[in-house]
1. Against the condition more than 18 Å from residue 114 (Cβ to Cβ) and surrounded by 18 or more Cβ atoms within 10 Å (Cβ to Cβ), how does residue 201 come out, does it pass?
2. Within the range 98-109, which residues are surrounded by fewer than 16 Cβ atoms within 10 Å (Cβ to Cβ) and in a helix (DSSP H, G or I)?
3. Is it the case that the range 39-60 has a residue that's in contact (Cβ under 8 Å) with a residue 40 or more places away in the chain, part of a helix (DSSP H, G or I) and either buried (at least 18 other Cβ atoms within 10 Å of the Cβ) or assigned by TED's automatic domain parsing to the domain that holds residue 10 (or both)?
4. Is it fair to say residue 195 is closer than 17 Å to residue 133 by Cβ, out of contact with any strand residue (DSSP E or B) (no Cβ under 9 Å at 6 or more places or on another chain), surrounded by fewer than 18 Cβ atoms within 10 Å (Cβ to Cβ) and free of Cβ contacts under 8 Å to residues at least 12 places away in the same chain?
5. Considering every residue within the range 137-149, establish whether at least one is more than 12 Å from the chain's Cα centre (by Cα) and either outside any helix (DSSP H, G or I) or under 20 Å from residue 188 (Cα atoms) (or both).
6. Out of 179, 160, which single residue is in contact (Cβ under 8 Å) with a residue 12 or more places away in the chain, farther than 20 Å from residue 118 by Cα and surrounded by 14 or more Cβ atoms within 10 Å (Cβ to Cβ)?
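The values are calculated or read from the model by the stated rules, or taken from the named source; none is laboratory data. This one's a predicted model, so the numbers in the text were calculated from it and none came from an experiment. Note that we place each Cβ from the backbone using ideal geometry, even for glycine, and neighbour counts take in every protein chain shown.
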């Protein structure tokens, strides 16, 4: 039997039998050492969609009050709630940055800020991470994902410049192509600016991706 089928059956059973009451227990499993367990838990939570929001917010507030350094569960909750468009968490996000020592964790928060339509305020920070940070190659995928939520001419310029950086792998450059495609679909007016600032190769790649 396919492992994916087993996971799908488990997801369906938890959703149908336990409902949203299962969410607090599921949240506790987000620190499990097994990545597959964490992925399955996230899949279940996302399947609940907006019905999970009240419980997720309750758990989020509990973790905010605990004020622990490098709280992994809180980071997951920030990511999920920002995907749900929960703007009430926005006021906490800037202060939360100081609670995480790792740049990768901080980027989860920066991406949440972008998903909640505040990305322009941190565009210079994201540009630094992508273009100048000592660990930019390791952080690039996360930064590009965050930038894909900020449809501005400056974002296009940052991504076009990053595409020219020979230190980035082809996989990262594919991420850049996808991000620019998303941005120009969100705001078609950005296309003219993109054609002015990007190399012909990148323009061709984006055109091919969006066909």
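1. Details: more than 18 Å from residue 114 (Cβ to Cβ): yes; surrounded by 18 or more Cβ atoms within 10 Å (Cβ to Cβ): no.
When the stated conditions are applied, residue 201 does not pass them.
2. As a first pass, look at the range 98-109 and keep what is surrounded by fewer than 16 Cβ atoms within 10 Å (Cβ to Cβ): 98, 101-102, 104.
Passing the criteria: 98, 104.
3. To start, the set of residues in the range 39-60 that are in contact (Cβ under 8 Å) with a residue 40 or more places away in the chain comprises none.
So far as the range 39-60 goes, no, none of its residues is in contact (Cβ under 8 Å) with a residue 40 or more places away in the chain, part of a helix (DSSP H, G or I) and either buried (at least 18 other Cβ atoms within 10 Å of the Cβ) or assigned by TED's automatic domain parsing to the domain that holds residue 10 (or both).
4. Details: closer than 17 Å to residue 133 by Cβ: no; out of contact with any strand residue (DSSP E or B) (no Cβ under 9 Å at 6 or more places or on another chain): yes; surrounded by fewer than 18 Cβ atoms within 10 Å (Cβ to Cβ): yes; free of Cβ contacts under 8 Å to residues at least 12 places away in the same chain: yes.
Considered against the rule, which asks whether it is closer than 17 Å to residue 133 by Cβ, out of contact with any strand residue (DSSP E or B) (no Cβ under 9 Å at 6 or more places or on another chain), surrounded by fewer than 18 Cβ atoms within 10 Å (Cβ to Cβ) and free of Cβ contacts under 8 Å to residues at least 12 places away in the same chain, residue 195 comes out as no.
5. no
6. Numbers: 179 fails: farther than 20 Å from residue 118 by Cα.
It is 160.
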